[in-house]
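Comments concern the structure below.
The values are calculated or read from the model by the stated rules, or taken from the named source; none is laboratory data. Not measured: the values here are computed from a predicted model. Here the Cβ is made from the backbone with ideal geometry for all residues, glycine too, and neighbour counts use every protein chain on show. Only protein heavy atoms, including side chains, enter the accessible area calculation; ligands, DNA and RNA are left aside. Shrake-Rupley method; radii C 1.70, N 1.55, O 1.52, S 1.80 Å.
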Amino acid sequence: KTPCAVCGTGCGFLVGVSSDRAVAVKGDPNCTVNKGLCCVKGYHSIQVLYGKDRIQKALVRKNGKMVEVPVNEALDLVAQKMDETIKAHGKDAVAMYGSGQWSITDGYAASKLFKGCIGTNNVEANARLCMASAVTGCLTSFGLDEPMGCYEDIAKADVFITWGNNMAEMHPVLFSRMLATRKSRTHVKIIDFATRTSRSSLASDRSILFRPQTDLAVANAICYEILRNGWVNWDFVNKHVSFHKGKTDIGYGTEDHFKFKDKAETVDVTAYKTFLEDYTPEKVEKISGVSAKDIKYMAALYGDPDKKVTSFWTMGMNQHTRGTWINNLVYNIHLLTGKISSPGNSPFSLTGQPSAFG
């Protein structure tokens with residue numbers, strides 16, 4: 001019995017072992033995440049262990065060719081080269097780039113070596129690409145990190161809107177659970193909102209395509225429609241929501257030497273309405289390529305008080321050039337309608353790596 005280590009969904013496995021060798025794998029029916037399901041990556045996970053082209057010994061380039069050497073020799077060479085580089089160019093001339101497949105203890109050891117021993121902050125993992133925008137989106141919207149939804153929402157939602165992600169191929173176990181929900185409750189709808197047609201599009205009830213980078217404008221247009229049509233959950237908003245205005249003219253971040261020291265200015269809902277006047281569905285149609293009719297359709301789904309809505313996204317938003325902002329804007333939709341932190345109502349940033357939140 002083991003968790004899958006391929007992605008961050010958290011599926012449980014049952015692995016068949018013969019003579020100390022893994023020979024078969026299937027989904028664990030008692031795991032609350034995958035409920036016995038398994039995707040193609042999981043099914044092939046044990047085959048990866050025995051791939052003929054898998055590197056099993058340390059390799060060092062000698063005379064232009066990669067040569068097998070004892071691990072200690074390879075480690076000594078790495079240490080020697082790092083030492084020479086630090087002496088010649090300073091401690092910030094070395095760096096380590098790790099993996100989302102790192103365990104928590106791997107990341108801890110790497111941080112101790114580079115930050116504690118060498119004295120540089122140059123230790124990083126690809127989990128930063130996966131989750132930095134998700135983390136800062138949560139922090140700037142709520143003051144705390146981590147999504148407030150859970151997988152149980154999949155069985156409770158009436159509408160799923162996937163923002164720029166292809167769950168059918170990237171999170172197939174979760175997409176299968178969505179399909180199962182739709183099959184058992186026939187009114188349930190899956191809306192694919194993305195930049196291209198994928199297998200998720202084909203399995204969805206409606207596929208809406210937008211021009212890359214314009215999803216921010218669409219999210220604002222949805223908020224405009226929610227306010228214009230009186231779909232705001234004022235009881236929730238008055239109890240739990242405050243309105244703030246941040247700096248928007250930041251160029252391209254560090255390339256423009258922007259210091260990110262601005263503090264959000266507290267405003268009222270009237271100022272927010274004024275801001276949204278630039279984002280009518282008709283104006284945003286010209287920017288995004290999404291018809292005003294489709295924008296109003298999505299807004300009506302979010303705005304219907306009798307529909308529970310779960311938004312799913314992953315790298316399409318989190319590796320966006322304005323990843324934090326698009327996270328914030330989808331949170332705005334859920335906050336205006338009060339569709340958050342209740343069964344079936346969830347803005348949910350999916351992770352793609354097992355240790356990404358570590």
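Around Leu209, with a cut-off of 10 angstrom between Cβ atoms, what is the net charge of the other residues, counting Lys and Arg +1 and Asp and Glu -1?
Taking every Cβ under 10 Å from that of Leu209, the sum is 0.
Can you tell me which lysines have their Cα less than 25 Å from the Cα of Lys247? Leave out same-chain residues fewer than eight positions away.
Correct list for Lys247: Lys259, Lys261, Lys263, Lys273, Lys283, Lys286.
Anything over 22 Å Cα to Cα? Flag those among Lys189/Lys308; Lys35/Lys156; Lys156/Lys183; Lys245/Lys296, in the order listed.
Lys245/Lys296
Hey, any idea what % of the chain's accessible area is carbon plus sulfur with a 1.4 Å probe?
53
Given Leu209, Thr162, Ala24, which one lies farthest toward the positive end of the charge dipole of the chain, if we put +1 on the Cβ of every Lys and Arg and -1 on the Cβ of every Asp and Glu?
My answer, from the dipole projection, is Ala24.
Helix 292-303 against the longest principal axis of the chain: what's the angle in degrees, Cα atoms only, rounded to the nearest 10?
The two axes meet at around 90 degrees.
Beyond a 23 Å Cα-Cα separation, which of these cross-linked pairs lie in this structure: Lys239/Lys339; Lys57/Lys91; Lys81/Lys115?
Table pairs above 23 Å Cα-Cα are Lys57/Lys91.
Normalised by the number of residues in the chain, what is the relative contact order in percent for Cα pairs under 8 Å and 6+ residues apart?
Answer for the chain is 22 percent.
Considering only protein heavy atoms, what is the solvent-accessible area of Thr266 at a probe of 1.4 Å, reported in Å² to the nearest 10?
100
Taking the mean number of other Cβ atoms within 10 Å as a proxy for protection, how do you rank 326-338, 74-86 from highest to lowest?
Order by mean packing, descending: 326-338, 74-86.
Please report the spacing between the Cα centers of segment 188-253 and segment 106-121 in Å, no decimals.
39
Going highest first, how would you order 51-61, 279-289, 178-188 by mean Cβ packing within 10 Å?
279-289, 178-188, 51-61
Using R₀ = 30 Å, calculate the FRET efficiency as 1/(1 + (r/R₀)^6) where r is the Cβ-Cβ separation of His44 and Ser184; round to 0.05.
0.55
Of Cys117, Gly149, Ile86, which is farthest towards the positive pole of segment 84-159's charge dipole, taken about the Cα centre with +1 and -1 on the beta-carbons of Lys, Arg and Asp, Glu respectively?
The residue sitting most towards the positive pole is Ile86.
Percent antiparallel among DSSP beta bridges with both residues in the chain, to the nearest 5?
Roughly 45 percent of the beta bridges in the chain run antiparallel, per DSSP.
Looking at (1) 144; (2) 217; (3) 187, which value of volume of the Cα convex hull per residue in Å³ comes from a calculation on the structure shown?
(3)
For segment 75-180, what does the relative contact order come out to in percent, with C-alpha contacts under 8 Å and a separation of six or more?
In percent, rounded to a whole number, it is 17.
Helix-only mean residue ellipticity at 222 nm, the chain, DSSP H runs n ≥ 4 weighted -39,500 (n - 2.57), per residue, nearest 500. What is it?
-11500 deg cm²/dmol
Per residue, how much accessible surface does the chain expose to a 1.4 Å probe? Answer in Å², no decimals.
Per residue, the chain has an accessible area of 56 Å².
Could you give the size of the charge dipole of the chain about its Cα centre, using +1 on the Cβ of each K and R and -1 on the Cβ of each D and E, expressed in debye and rounded to the nearest 20?
760
With a 10 Å radius around each residue's Cβ, average the other Cβ atoms per peptide and rank 238-250, 120-132, highest first.
Going by the mean number of other Cβ atoms within 10 Å, highest first, we get 120-132, 238-250.
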